[in-house]
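The values are calculated or read from the model by the stated rules, or taken from the named source; none is laboratory data. Because the structure is predicted, anything quoted here is derived from the model rather than measured. Note that we place each Cβ from the backbone using ideal geometry, even for glycine, and neighbour counts take in every protein chain shown.
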Amino acid sequence: MEIRQPIHSDHARTLDTAGLRQQFLVEGIFVPDTVTLTYSHIDRIIVGGVMPVSKPVTFATALGRHTGTDFFLQRRELGLINIGGDAVVRVDGRRFEVAAREALYIGQGAKEIEFLSVDATQPAKLYFNSAPAHTAYPHRKITLAEASPETLGDARSSNRRTIHKFIVPDVLPTCQLLMGMTQLEEGSLWNTMPCHTHERRMEVYFYFGMDTNGVVFHMMGQPQETRHIVVRNEQAVISPSWSLHSGVGTQAYTFIWGMVGENQVFKDMDHVPMTALR
């Protein structure tokens, strides 16, 4: 498990390209037959991926040493979204079939978790976020049709997009974790613009659906002094509460967002006027 410490906004202003990437970019999320985990001290979110190919993959009991617990989800909840081939996830003996662009919420206390791909030639790619939890809510699979949709933006400003809210209070209860997937329409390349911050929550963006030559210029930093990170396919960016989080791609892409923090009010945002950006 890789550990990332919190970064003050004043510190972030002094970082060069390599420093920004080291602190905020998460690369190498999918490794065959492996669980990858990045632990951020920012609201103690854990970002990771599971890609079972030749064998089932499990959360080893030893992962509990990183969280000071007997097992990984003893005091945590987890949400995942599949961006690969069909998957089967077993949670304490209960079987869930998770197809592409479907989500699964796993509540606090789940002990034995196993991930496998239905077809090894088309392996599942299960991207997940995990957050501290205070109570156990029921495990639940969420299909794309069950997610709460919201369409925003327009073609004129190149940001027409549909936000599919998989793990939000309107769909199911969680302790603090929120997750969803944003799909841009053909010809739109900007996400989350006009932009915002939210002091009460941090956020992680995971970009996918690009080819080898595609990139997203992910905007971050305080609104009056922005920075950017070049993000490639299947990479994630950690966004502290003080930072805006927006991006523009060189080609079509989709991204998964996950939020952890004080509340679960999706519209609790501090909007930034376009005239205030620097």
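Descriptive notes on the structure:
- Residues in the stretch 111-150 that are of a type in the set (Val, Ile, Thr), over 21 Å from Arg75 (Cα atoms) and part of a loop (DSSP other than H, G, I, E, B): Val118, Thr121, Thr143.
Let's see how each residue does on (1) among the acidic types (Asp, Glu); (2) buried (at least 17 other Cβ atoms within 10 Å of the Cβ):
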residue	(1), (2)
His11	no, no
Asp33	yes, no
Thr38	no, yes
Ile45	no, yes
Ala62	no, no
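- The single condition among (1) on the phi > 0 side of the Ramachandran plot; (2) touching a Pro at 6+ places or on another chain (Cβ under 8 Å) that Arg101 does not satisfy is (2).
- Among residues of the stretch 176-209, those that are part of a strand (DSSP E or B) and either on the phi > 0 side of the Ramachandran plot or out of contact with any Gly (no Cβ under 9 Å at 6 or more places or on another chain) (or both), counted: 5
- The numbered conditions (1) at pLDDT 95 or above; (2) hydroxyl-bearing (Ser, Thr, Tyr); (3) part of a loop (DSSP other than H, G, I, E, B) are all true for Thr212 except (1).
- Some residue of the stretch 153-172 being among the aromatic types (Phe, Trp, Tyr) and more than 16 Å from Tyr207 (Cα to Cα): yes
- Among residues of the stretch 199-226 that are more than 19 Å from Leu189 (Cα to Cα), those with a Cβ under 8 angstrom from a residue that is of a type in the set (Asp, Glu) and surrounded by fewer than 17 Cβ atoms within 10 Å (Cβ to Cβ), sequence gap 6+ or separate chain, pair up as Glu199/Asp270; Arg200/Glu262; Arg200/Asp268; Arg201/Glu262; Arg201/Asp268.
- Flag if Thr226 is outside any strand (DSSP E or B) and not acidic (Asp, Glu): no
- Residue match in the stretch 99-110 (condition: surrounded by fewer than 20 Cβ atoms within 10 Å (Cβ to Cβ), touching a strand residue (DSSP E or B) at 6+ places or on another chain (Cβ under 6 Å), outside any helix (DSSP H, G or I) and charged (D, E, K, R)): no
- Among the candidates Ala133, Ala120, residue that is farther than 23 Å from Met1 by Cβ and either within 21 Å of the chain's Cα centre (by Cα) or of a type in the set (A, V, I, L, M) (or both): Ala120
- Only residues that are of a type in the set (Asp, Glu), in a loop (DSSP other than H, G, I, E, B) and farther than 20 Å from Glu203 by Cβ were counted across the stretch 1-29, and they come to 1.
- Only one of the numbered conditions (1) buried (at least 22 other Cβ atoms within 10 Å of the Cβ); (2) in contact with an Asp or Glu (Cβ under 7 Å, 6 or more places away or on another chain) is violated by Gly261, and that is (1).
- Complete set of residues in the stretch 30-54 that are under 14 Å from Gly258 (Cβ atoms) and assigned to a loop (DSSP other than H, G, I, E, B): Ile42, Asp43, Arg44, Ile45
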